[in-house]
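Everything below concerns the one structure shown next.
All of the numbers you see were taken from the coordinates with simple rules; none came from a lab. Fair warning: this is a prediction, and the values are worked out from it, not measured in the lab. All Cβ positions, glycine included, derive from the backbone under ideal geometry; neighbour counts span all protein chains shown.
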Amino acid sequence: MRTINAGSRGIVVRTMVAGVAVSGLIAGCGTTVGGSPKTEEANATGANTTLINGEKSVVYNPCKDLSDEKIRAAGADPATKRTVTDAQSGPAAFRICQWEATDLPYYVSIGSSIYSLADTRNNDKLTDFRDVPIGPRTGLVHKDKRFDDRCYVSLPMSGGSIMVTAGWKHGEQTARDICDLVIEDGKALEPFLPK
């Protein structure tokens, strides 16, 4: 019988929580047509999205397109990279990877999506919306109603959006505001992200 040590158990729990959060964000972004879920088709795709088998798919991939140097600029350790979702074939509504921060006990996730900031605002699973300047762009800070230990900033991108997430490691929250951290991370990453 194999047992999981405390460090591995923490990784498993964080991975499961990240997967649940992504599922919630994905579930809130579609519509239902004739009883079947359907993503809304765009009249034209942006430079960072394409159509695959008639479905809009995000092209920009932070898991592959961000160098270690750019991850370090955000205060994260490239060696701790974990893929949350990155379809190898077929359409992909999201591509998300996660790294551990080097200075505090939290993780930084960077994701690309076919969904716009308007879609994010209309997602009833999200709350606490506010606009903040992130470099030359206006970012949308928000939280997931189910998880108080993480915060998101979404940035506009041609054909969709980029989402930067900061989330405390399980049980390791500090006095810093997690939304302040994600804004700092978003500002550090913004020059490297597609427009």
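Here the extension length gained between Lys81 and Asp103 equals 6.3 nm, from 0.36 nm per residue of separation less the Cα-Cα distance. Label point of Arg72 set 7 angstrom out along Cα-Cβ; within the range 88-102, amide nitrogens under 16 Å from it belong to 100-102. When each of the peptides 86-92, 103-109 is scored by how many other beta carbons lie within 10 Å of its residues on average, the order from highest to lowest is 103-109, 86-92.
Taking amide H positions as modeled 1.01 Å from N, with prolines and chain starts lacking one, the residues under 5 Å from Val108 and 5 or more places away or on another chain are Trp99, Glu100, Ala101.
By the rule of a C-alpha distance below 24 Å, with chain neighbours fewer than 8 residues away ignored, the lysines paired with Lys56 are Lys38, Lys64, Lys125, Lys195. Taking θ as phi - 60° and the Karplus parameters 6.51, -1.76 and 1.60, the scalar couplings of the range 150-167 work out to 9, 9, 10, 10, 9, 10, x, 9, 3, x, x, 7, 10, 10, 9, 10, 10, x Hz in sequence order, x denoting glycine and proline.
Highest mean packing comes first when the peptides 151-158, 180-187, 135-142, 118-125 are listed by Cβ atoms within 10 Å, giving 151-158, 180-187, 135-142, 118-125.
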